[in-house]
Each structure stands twice: as structure tokens, then as C-alpha cells.
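Below: one structure, written as C-alpha cells.
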């Protein structure tokens, strides 16, 4: 088993109110060597839901295409995602095994470090390398500008 820290959106944002088999979320993977990854994860079942939503909402040319996430998994659980990341790290560096855009910190737009406030909301301390970036979250889209 490889050494890494895992932050899961569904544990921090509205915990207990997620459909673990038909949902998507964001995760953060931190490696001991300082590399940080931000990864978008969909369940297999959510893929079909996303297609149906695109057709219904007339998005993506009425479902003609979808922009895919970084990883598909069977379910949104710590166990499933931990095993997935561990296996991917066994294969190689995440930025080589997955889409290179998953690498944050050293070479991409921002590093987000979530922390819980007394209000119960998750807040991110973010360092930007560019004048504008977008953060996609399960519940909202945030635009940051410097």
C-alpha cells in the first residue's frame, strides 16, 4: 500500500446526503513528496444519469457528447476510492496514468486546502498561479479572480 492522504468532498460537504452509487464528487490526493492532485470522480451509474440530464436539459447538443471526469468508480466510499488511488499509484504517477490536468500545486492553477469552519461550511485557502481559475464543486461553481 502506498502512502497518501485523501480528502473526499462527500465526507466534508453535506455528509450523509449523497447517493454513493449515483453521484459525483471531487477528491484531493496529497503525496508525501509534495505533489497534490485534484480529481473529479463519477460513479458508473452517474454516467447514465449525466447522459439523461444532458438530453433532458438539451446540453451538449442534447446528449450527443459528455465531458468525462478523471475517474469512474463503482461507488463513492472511502474504501472504494482509497483502493482505486492506491492501485493507480501502483501503476504509475497519477499525472501520467490519468489526465495530466489532475496535477495541482507545482504546475497548475491553484492549490486548494480545505478546512472546516465553526459555521459547518468547508472553506478553501487557495493560492493562484494565474489571474483567474474555476473550481467545480458538487454543489456550486466558483470563479476566483486576482
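Just so it is clear, none of the values below were taken in a lab; they were calculated from the coordinates. Since we're looking at a predicted model, the values are computed, not measured. No Cβ is skipped: glycine too gets one built from the backbone with ideal geometry, and neighbour counts run over all protein chains shown.
Please order 87, 19 by the number of other Cβ within 10 Å, starting at the fewest.
Details: 87 11, 19 14.
Ranking 87, 19 by Cβ neighbours within 10 Å, fewest first, gives 87, 19.
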Cα-Cα separations in segment 26-74 greater than 16 Å, expressed as whole percent: 51 percent
Segment residue 4-residue 58, length gained on full extension (0.36 nm per residue, minus Cα span): 15.4 nm
Label-to-label distance, nm, for residues given as residue 21 and residue 90 (7 Å Cα→Cβ offset): 2.6 nm
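For 101, 54, which order do you get if you count the other beta carbons within 10 Å of each Cβ and list the fewest first?
Numbers: 101 14, 54 17.
The order, fewest Cβ neighbours first, is 101, 54.
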